[in-house]
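Student: Handing you a structure now.
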């Protein structure tokens, strides 16, 4: 049986992610054991909150190294929300913190702007920049649910999977690199389109 694991590192939205996978009939298991995580055949790295505290937990527990190992073994890996920021090189949050460095880029805060609130919270349109198996069957410019103050920036064109506009600011809202893909938006809170992406991930080969 495939070892399909959702990483548990006390990051907040674990239960809703597990419930979403259960709803689509996927056989997943939550784990905070780095040795078990490192052996995953398919891995989801969700989370909400701050990059610094997340990285401290990942480094202290060894889960960060385990996630990198799964990516390096070319197994399918999905990051959600903070999981989309932690895979970059760094975050400017709290004065700056080094992150996992799996995709070149940096998490930056939205600029203050009249007429918008930070965090960016609610439904917003996602424009796909390329075809990807995870978004098979999803109409372009579908709405997904966001809750975040920071977002991916300085992403290479080949790693940018989608973009979204908030106020006058357009940002990369999903990234990809080989067997690794991550969304800034919350798939588990995005209704039918979010469930479809999770379903697609549950059968994606990572290629």
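The values are calculated or read from the model by the stated rules, or taken from the named source; none is laboratory data. Note that the structure is predicted; figures quoted are calculated from it, not measured. Here Cβ is always computed from backbone atoms with ideal geometry, including for glycine, and neighbour counts include all displayed protein chains.
Student: On the given criteria, is residue 40 in contact with a strand residue (DSSP E or B) (Cβ under 6 Å, 6 or more places away or on another chain) and not in a helix (DSSP H, G or I)?
Tutor: Considered against the rule, which asks whether it is in contact with a strand residue (DSSP E or B) (Cβ under 6 Å, 6 or more places away or on another chain) and not in a helix (DSSP H, G or I), residue 40 comes out as yes.
Student: Still on this structure, please answer the following. Picking from 65, 60, 117, which residue would you name as being assigned to a helix (DSSP H, G or I), farther than 26 Å from residue 201 by Cα and without any contact (Cβ under 8 Å) to a residue 60 or more places away in the chain?
Tutor: After applying the criteria, what remains is 60.
Student: Residues of the range 88-104 being on the phi > 0 side of the Ramachandran plot and in contact with a helix residue (DSSP H, G or I) (Cβ under 7 Å, 6 or more places away or on another chain), which ones?
Tutor: Hit for the range 88-104 is 94, nothing else.
Student: With the checklist (1) crowded, with 20+ Cβ neighbours inside 10 Å; (2) free of Cβ contacts under 8 Å to residues at least 60 places away in the same chain in hand, flag the one item residue 152 doesn't pass.
Tutor: Evaluating residue 152 over (1) crowded, with 20+ Cβ neighbours inside 10 Å; (2) free of Cβ contacts under 8 Å to residues at least 60 places away in the same chain leaves (2) as the failure.
Student: Here is a further query. May I ask you to list the residues in the range 32-72 that are under 24 Å from residue 199 (Cβ atoms), surrounded by 15 or more Cβ atoms within 10 Å (Cβ to Cβ) and at pLDDT 95 or above?
Tutor: Answer for the range 32-72, where residues must be under 24 Å from residue 199 (Cβ atoms), surrounded by 15 or more Cβ atoms within 10 Å (Cβ to Cβ) and at pLDDT 95 or above: 37, 39, 40, 42, 43, 44, 67, 70, 71.
Student: Identify all residues within the range 111-123 that are touching a strand residue (DSSP E or B) at 6+ places or on another chain (Cβ under 6 Å) and either surrounded by 15 or more Cβ atoms within 10 Å (Cβ to Cβ) or under 19 Å from residue 60 (Cβ atoms) (or both); write none if there are none.
Tutor: Scanning the range 111-123 gives a single hit, 120.
Student: For residue 187, are the conditions met, namely being buried (at least 18 other Cβ atoms within 10 Å of the Cβ) and under 21 Å from residue 103 (Cβ atoms)?
Tutor: The answer is yes for residue 187.
Student: Here is a further query. If you go through the range 161-174 one residue at a time, how many are within 13 Å of the chain's Cα centre (by Cα) and either closer than 25 Å to residue 113 by Cα or modelled with pLDDT under 95 (or both)?
Tutor: Residues flagged as within 13 Å of the chain's Cα centre (by Cα) and either closer than 25 Å to residue 113 by Cα or modelled with pLDDT under 95 (or both) within the range 161-174 amount to 4.
Student: When you look at residue 78, is it under 21 Å from residue 134 (Cβ atoms), touching a residue at least 24 places away in the same chain (Cβ under 8 Å) and assigned to a loop (DSSP other than H, G, I, E, B), yes or no?
Tutor: no
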